[in-house]
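The values are calculated or read from the model by the stated rules, or taken from the named source; none is laboratory data. Because the structure is predicted, anything quoted here is derived from the model rather than measured. Cβ placement follows ideal geometry from the backbone for every residue including glycine, while neighbour counts extend to all protein chains displayed.
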Amino acid sequence: MSHEPTAQLLSIDLTTQSSEVIDIPGKIIRQYIGGRGLGARLLYDRVPGGADPLGPDNQLIFTAGPLSGTGFYYSSKANLTTKSPLTGIYLYSICSGILAQEIRKSGFWAIAIGGIAQSPTYLVIRDGQVEFKDAAPLWGMETAAAQVKMLGNISPKKAAVLGIGPAGEQLVRSAALFGGAEGYRCFGRGGAGCVMGSKQLKGLVVAGSGTVRVLHQDRFDAARSEITRNLKTDWQQWADSWRRYETSADLETTNALGIIPTRNWQNGQFEGWRGIDKSTTPMGWPIQVTPCGPHCPTPGTRQVKVTKGPYQGAQSDVEWEATYAFGSQCGVDKMEAVLAASQLCDEYGVDNMTVGITIGFAMECFEKGLLGLEETDGIELRFGDDRAMIAVLRKMVDGEGFGKRLALGTRRLAQEIPGSEGFAMHAKGMEFGGYECRGLNGQALQFAVSARGGCHHAYGLPARAETLDGTRLALEGKGEQVKQAATGRILGDSLIMCTFPGPMYTREMLAQAASSMFEEPWSVAELNLAGERVMCQERLFNAREGLTREDDALPARLLIEPKPDGPTQGAVVPLEALKDDFYRAMGYDLKTGNPPEEVLERLGIER
């Protein structure tokens with residue numbers, strides 16, 4: 001293995017209000033690349049096993065990648081790694097904006113924040129010089145307003161800013177971190193905002209004045225040119241659709257395929273899909289296109305404002321996750337209500353998927369008689385009732401009454417309601433992404449084995465591939481399919497690049513892009529090994545926390561309730577056979593589901 005120069009990490013201790021610069025050996029960068037991969041290694045090394053997610057030993061680790069700050073297409077992403085207070089295990093999260101660029105321009109590959117401040121604090125980091133600022137006047141502010149105050153006179157084009165809202169301060173376990181151009185780009189999943197709130201940290205500003213040097217311009221240009229060619233040829237239709245409708249571009253198709261989770265995953269098709277589809281809702285799309293970050297040739301984000309009706313004035317950037325969580329999941333067919341719910345999540349600072357799915361779960365509990373009016377503060381919490389959905393959401397973000405129980409998240413709420421755990425839609429404590437997986441065996445497998453829980457992002461979204469290649473009901477080969485999808489996703493997350501055009505990234509292009517930034521070139525085989533190494537490293541963190549094969553689980557609904565609708569009507573998830581196939585593909589122990597020593601040796605992972 002070649003040797004690269006050391007990188008540097010800025011380590012900040014909130015307890016002592018001190019900082020130091022620590023070398024990251026070049027070998028580690030070569031093994032883990034950057035971004036998500038580097039974050040997984042640093043978290044394992046810096047956060048001890050058994051650490052309290054809300055204690056001083058947990059850290060918020062922000063990582064950039066080799067391409068950050070270079071202007072490479074789709075490179076305006078940053079990674080955050082921590083121990084999740086929602087799941088109690090490994091968490092990574094990715095956000096758009098200029099944070100990673102400013103980290104690299106400051107001379108670092110990572111910023112790690114540990115300890116607990118004595119009083120509300122925010123950080124201003126300029127070229128590695130750390131100022132600890134009084135955040136008491138900002139405590140209680142919603143997310144975007146607080147960011148404006150933290151920036152002060154600094155231009156948002158010259159500094160990255162991110163922070164939490166009231167939910168993070170109140171230690172809501174699904175609280176998120178927000179930042180970016182208009183204040184609402186998001187490190188969304190798993191409760192990193194709760195970790196920040198536990199540290200009495202309102203947020204941080206990062207600005208660097210340096211430059212990021214491309215070592216091999218010819219390789220860099222060749223990789224960029226491949227993306228340009230693709231967008232003008234085979235991917236032009238996707239690009240045009242994405243710019244108009246982005247993550248909600250194919251709701252009609254996914255509904256026809258029977259993979260839209262509906263009414264807490266009781267169904268896979270939603271009869272009211274037209275009411276939440278961007279192509280059919282008469283709301284004047286778009287109102288304002290707001291690029292999520294620089295260097296994106298296919299910006300798809302847009303702020304939409306409700307102009308009439310009971311939700312007049314509501315405004316948000318609605319993407320598929322919010323549409324699913326507050327739309328089909330809750331049986332609500334009104335985009336106006338989805339926008340209003342999404343806005344509340346943005347302003348108070350919570351993950352819209354966890355919140356919407358928890359509300360949908362509570363609706364089913366209410367309809368089954370497991371929750372009564374006396375417990376829901378008199379709210380008739382039924383599917384399709386958008387006013388009830390907004391009412392309990394307001395209670396949750398305000399920390400009032402039944403809202404405090406909703407703020408626990410689906411797993412913890414189910415533990416309080418006897419008879420409900422079989423339809424609590426989460427894996428390892430993280431609520432599922434929006435793909436009904438009875439009849440999507442690869443996607444079901446991903447939900448079960450993902451290191452951060454019920455996430456549709458982490459391992460490459462097999463649902464998209466298996467609906468196209470006709471293997472959605474297959475058993476054999478699903479482990480390898482998930483492994484290959486996961487490796488590709490991890491490589492993009494580590495370089496670090498936007499996930500949405502990910503199928504357009506060939507491994508050869510990724511190798512060319514990586515090779516432009518290192519002294520020694522990368523081969524496709526070396527990249528593939530790095531992706532597998534990161535998968536293993538993430539799983540090692542959870543194994544140290546005591547997780548085994550038994551924790552690669554799905555709720556009973558998916559295992560024993562036949563799917564009632566769609567092309568795969570009657571399907572259930574054959575989970576144990578799928579897990580065996582995955583463990584074999586990875587070389588993991590079939591009994592524990594964890595990597596044995598020979599796999600660690602093959603991958604060069606040191607413990």
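Okay, here's what the table says:
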| item | result |
| --- | --- |
| Any chance ARG607 is farther than 30 Å from GLU271 by Cβ, out of contact with any Phe, Trp or Tyr (no Cβ under 7 Å at 6 or more places or on another chain) and modelled with pLDDT under 95 | yes |
| Among (1) among the polar types (S, T, N, Q); (2) farther than 17 Å from VAL350 by Cβ; (3) touching a strand residue (DSSP E or B) at 6+ places or on another chain (Cβ under 6 Å) - the single one GLN129 does not satisfy | (3) |
| Among residues of the stretch 121-140, those that are in contact with a helix residue (DSSP H, G or I) (Cβ under 7 Å, 6 or more places away or on another chain) and crowded, with 19+ Cβ neighbours inside 10 Å, counted | 2 |
| Looking only at the stretch 97-149, and only at residues there that are of a type in the set (S, T, N, Q) and within 16 Å of SER68 (Cα to Cα), the one that is nearest to the chain's Cα centre (by Cα) | GLN101 |
| Of all residues in the stretch 325-357 being of a type in the set (S, T, N, Q) and under 17 Å from the mean Cα position of the chain (by Cα), the one that is farthest from GLN170 (Cα to Cα) | SER342 |
| Residue among GLY419, GLY429, GLY454 that alone is in contact with a Phe, Trp or Tyr (Cβ under 6 Å, 6 or more places away or on another chain), in contact (Cβ under 8 Å) with a residue 24 or more places away in the chain and not polar (S, T, N, Q) | GLY454 |
| Residue in the stretch 275-284 that is in contact with a Gly (Cβ under 6 Å, 6 or more places away or on another chain) and modelled with pLDDT of 80 or more present | yes |
| Check on GLY399, touching a Cys at 6+ places or on another chain (Cβ under 9 Å) and either touching a residue at least 12 places away in the same chain (Cβ under 8 Å) or among the basic types (Lys, Arg) (or both) | no |
| Residue check, ALA239 within 22 Å of the chain's Cα centre (by Cα) and modelled with pLDDT under 85 | no |
| Verdict on LEU559 being outside the structural domain of ARG41 (by TED's automatic domain parsing) and buried (at least 16 other Cβ atoms within 10 Å of the Cβ) | yes |
| Qualifying residue in the stretch 591-601 (condition: touching a strand residue (DSSP E or B) at 6+ places or on another chain (Cβ under 9 Å), surrounded by 16 or more Cβ atoms within 10 Å (Cβ to Cβ) and not in a helix (DSSP H, G or I)) | no |
| In the stretch 145-178, the residues that are assigned to a helix (DSSP H, G or I) and surrounded by fewer than 20 Cβ atoms within 10 Å (Cβ to Cβ) | ALA145, VAL148, LYS149, LEU151 |
| Verdict on MET509 being closer than 20 Å to VAL214 by Cα, of a type in the set (A, V, I, L, M, F, W, C), modelled with pLDDT under 95 and part of a helix (DSSP H, G or I) | yes |
| Top-ranked residue in the stretch 459-481 [being modelled with pLDDT under 90 and in a loop (DSSP other than H, G, I, E, B); ranked as surrounded by the most Cβ atoms within 10 Å (Cβ to Cβ)] | GLY460 |
| Some residue of the stretch 531-546 being surrounded by fewer than 19 Cβ atoms within 10 Å (Cβ to Cβ) and in a loop (DSSP other than H, G, I, E, B) | yes |
| Residue list for the stretch 565-590, filter: part of a loop (DSSP other than H, G, I, E, B) and surrounded by 14 or more Cβ atoms within 10 Å (Cβ to Cβ) | ASP565, GLY566, PRO567, THR568, GLN569, ALA571, VAL572, VAL573, PRO574, GLY587, TYR588, ASP589 |
| Condition check for MET353: in contact with a strand residue (DSSP E or B) (Cβ under 7 Å, 6 or more places away or on another chain) and outside the structural domain of TRP320 (by TED's automatic domain parsing) | no |
| The stretch 386-402: number of residues that are of a type outside the set (Gly, Ala, Ser) and closer than 14 Å to LEU371 by Cβ | 3 |
| Count - residues of the stretch 185-198 that are surrounded by fewer than 24 Cβ atoms within 10 Å (Cβ to Cβ) and not small (Gly, Ala, Ser) | 0 |
| Index of the failed condition, ALA391 passing every other in (1) within 26 Å of LEU86 (Cα to Cα); (2) touching a residue at least 24 places away in the same chain (Cβ under 8 Å); (3) not acidic (Asp, Glu) | (2) |
| Qualifying residue in the stretch 324-333 (condition: at pLDDT below 90, crowded, with 19+ Cβ neighbours inside 10 Å, outside the structural domain of SER174 (by TED's automatic domain parsing) and part of a loop (DSSP other than H, G, I, E, B)) | no |
| Residue match in the stretch 434-451 (condition: at positive phi, assigned to a loop (DSSP other than H, G, I, E, B), free of Cβ contacts under 8 Å to residues at least 40 places away in the same chain and in the same structural domain as GLY488 (by TED's automatic domain parsing)) | no |
